[in-house]
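K.L.:
Pasting a structure here, questions to come.
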Amino acid sequence: MAFSFSRRGRQEMRRTERDGRVAGESPKPVANVDSVLIENTHLIAPALAVLRHAADSQRLDVARLNALVRLTDLLLSESKRYNLTAIPTRDAVLLKHVVDALSLPPALDAEAAAAPGALRVVDIGTGAGFPGLVLAIARPQWDVTLLEAARKKTRFHDLVRRDLALPSVASVWEEGGGRRVESDASGTV
């Protein structure tokens, strides 16, 4: 079973979750969520509160939260090179991109449970990799394909996949002549 997400699809999934049409699992708190952020940064209170909520509602362990923070750091550092986002701060990226993407897994968990194998998700027009990269971090058992027309953005996807060791992520783009080029966790093109 495969799912693809356009902007309209992501909005529908958030609406579905908000309206309570998909029941989520009961939260399992993560031990010492604050330890995620102690190493190298200080987040403003709203961003810290959001990460605490994500840890509780998404059953994210400390390693996954660290990966989300690292994804944010990579986005901000590589954005200077690849022009990936206009959002200038870690807190804003966490609040506007990561939290938005974290609204999807609960809506898809029931589908994933019913799927005969790993759930396959295709993020069409993924841009910098949201929500696809966040889904791959939050649910590493899912196969996530990032589809993007701009090669510079798929280079960023490849960097993130290597840096965060995300074996279930594939990045696909099309050259001007319509030729499909795919890279997977091994770097195969």
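The values are calculated or read from the model by the stated rules, or taken from the named source; none is laboratory data. Since the structure is predicted, the reported quantities are computational estimates derived from the model, not experimental observations. Virtual Cβ from ideal backbone geometry, glycine too; neighbours counted across all protein chains shown.
K.L.:
Taking the criterion of being within 21 Å of PRO167 (Cβ to Cβ), surrounded by fewer than 19 Cβ atoms within 10 Å (Cβ to Cβ) and modelled with pLDDT of 85 or more, would at least one residue in segment 80-94 satisfy it?
P.N.:
no
K.L.:
Considering only residues that are surrounded by 16 or more Cβ atoms within 10 Å (Cβ to Cβ) and in contact with a helix residue (DSSP H, G or I) (Cβ under 7 Å, 6 or more places away or on another chain), look in segment 55-65 and name the one that is modelled with the lowest pLDDT.
P.N.:
My answer is ALA55.
K.L.:
Read through the list (1) more than 20 Å from LEU65 (Cα to Cα); (2) touching a helix residue (DSSP H, G or I) at 6+ places or on another chain (Cβ under 9 Å); (3) surrounded by 14 or more Cβ atoms within 10 Å (Cβ to Cβ), then give the number of the only condition that HIS97 fails.
P.N.:
Going through the list (1) more than 20 Å from LEU65 (Cα to Cα); (2) touching a helix residue (DSSP H, G or I) at 6+ places or on another chain (Cβ under 9 Å); (3) surrounded by 14 or more Cβ atoms within 10 Å (Cβ to Cβ), HIS97 breaks only (1).
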